[in-house]
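One structure below.
Just so it is clear, none of the values below were taken in a lab; they were calculated from the coordinates. Bear in mind that the values here come from a model prediction, so they are computed numbers and not experimental data. Using ideal geometry, Cβ is built from the backbone for each residue, glycine included, and neighbour counts are taken over all protein chains shown.
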Amino acid sequence: MAMTSLERAEAAEHAMSQELDRIVVKSVIYTSGDRDPRQPLPPQQSQGKLYMMGHDPRLPLMPEKPTLFDFYKYRFGPSAHVLQSARLAKKNGVSEKIVLGCLLHDISAMGFIRGDHGYWGAQLVEPYVDEEVSWAIRHHQVLRFFPDEAYGYKYPDSYIRLFGADYQPEPHLQEAHRRAREHKWYESSRLITVNDLYSFDPNVKVELEEFTDVVGRHFKQPKEGLGFDQSPSSHMWRTINHPTKYL
Ligand SMILES: [Fe+2]
Ligand SMILES: [Fe+2]
C-alpha cells in the first residue's frame, strides 16, 4: 500500500531519529583544548544505543562514488577563496597544473584540519596529482609567511591583523622555507602564494564547473570514488565523508 506524504515524512523522521540515536563520540582532535583530553569521557547513556559507524544523518549524503567536486559541494566550507585564486592564476597565464594547485591549495583548512593545512592538503591529494602539484600545495603555507620581492609577493597585511605584528614563524618553518627556496619547484609553490588572494570582489561568483577540464586533465579521479579506492590517503577522504564514525 502506498504511503501518504505525511506517512512518508514521518517514516523519514523516524529513520532520522533512529540514526541520531546512535552515539556520537567526537575524535580527540575536535575537542582537545575545549576539554582536557587526559580526562575520561563523560559516561554515555548507551542503553540500547549503537555507536555511529557510517553516514551521519546531520550531513548531506555523499554519492556512493564521490568525486573531488562532490567534496567541494557536500563537505567543504565555502570555496569562493580557492575558486577566485584559481581564476586569477588562470588569468595570470600560469600552467594548468598551477591552476589546479590554486584550486586545491586550502582544501584542508576548508574541510579537514587547519593547523599545518598545507601539509595535510598535500597529503590528501598526493596520490591523484602530479608530484609538483602536491609539492607546491605542501609548501604554499610556509611560503606565505616569507616575502619574495622577485615575484611581487609581500608579507600579507591580513597576517598582521590575524597573528599580530610580532608573530615570527617558528624555527621549523624558517627551515622549511630555507629548503623550499632551493628546490626546483620553488616557483610553482610561490605562484600559489602570488595568486592566493582574499581581496576579491564578493559579487563575482566563480563556479566549480569553470575548472572541470583542468581537473579532468590533471586530477586522477579514482573509479571507486575518493575514499573507496586503496590509495595512501583514501582513509583521509573517508574521514571527511564520515567525520563522526566511531572506528
Ligand atoms: Fe593556505
Ligand atoms: Fe589560500
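Annotation: peptides 138-146, 152-160, 34-42, ranked by per-residue average of other Cβ atoms within 10 Å with the highest first, follow the order 138-146, 152-160, 34-42. Within the straight-line cut-off of under 26 Å between alpha carbons, the lysines reachable from residue 223 are 65, 73, 97, 245, sequence neighbours fewer than 8 places apart in one chain being disregarded. In summary, the aspartates and glutamates within cross-link reach of residue 49, defined as a Cα separation below 14 angstrom excluding same-chain residues under 8 places away, comprise 19, 21.
What number, in percent, do you get for the relative contact order of the chain if the mean sequence gap of Cα pairs under 8 Å and at least 6 apart is divided by its residue count?
Computed value for the chain: 27 percent relative contact order.
Mind checking the full-extension length gain between residue 224 and residue 160? Use 0.36 nm per residue of separation minus the Cα-Cα distance, one decimal, nm. Don't skip to the answer; put the middle values down first.
Details: separation 64, 0.36 × 64 = 23.04 nm, distance 4.37 nm.
That pair, residue 224 and residue 160, stretches by 18.7 nm at full extension.
Scan the stretch 166-213 for trypsin sites (Lys or Arg not before Pro) in coil per DSSP, keeping those whose Cβ has at most 11 other Cβ atoms within 10 Å, and list them by number. Loop-located and lightly packed - 184, 205.
How would the stretch 35-87 be classified by its alpha-carbon gyration tensor: rounded, prolate or oblate, with rounded meaning a/c under 1.5 and the a/b versus b/c comparison settling the rest? It is oblate, given that a/c is not under 1.5 and a/b is not larger than b/c.
Our helix-only sum for the chain, with -39,500 (n - 2.57) per DSSP H run of n ≥ 4 divided by its residues, gives a mean residue ellipticity at 222 nm of -13500 deg cm²/dmol. Rounded to the nearest 20, the size of the Cβ-charge dipole of the stretch 21-106 about its Cα centre is 160 debye, with Lys and Arg at +1 and Asp and Glu at -1.
Counting Lys +1, Arg +1, Asp -1, Glu -1, what net charge surrounds residue 123 among other residues with beta carbon under 12 Å of its beta carbon? Don't skip to the end; give the middle numbers.
Details: positive: 138; negative: 116, 126.
Around residue 123, the surrounding residues sum to -1.
Here each label is just a point 7 Å from Cα along the line to Cβ, and for residue 205 and residue 28 those points are 4.3 nm apart. The simple spin-label model puts a point 7 Å past each Cα toward its Cβ; for residue 213 and residue 174 those points are separated by 4.7 nm. With coordinates expressed along the principal axes, the C-alpha atoms belonging to the stretch 90-231 extend over 48, 36, 28 Å, beginning with the largest.
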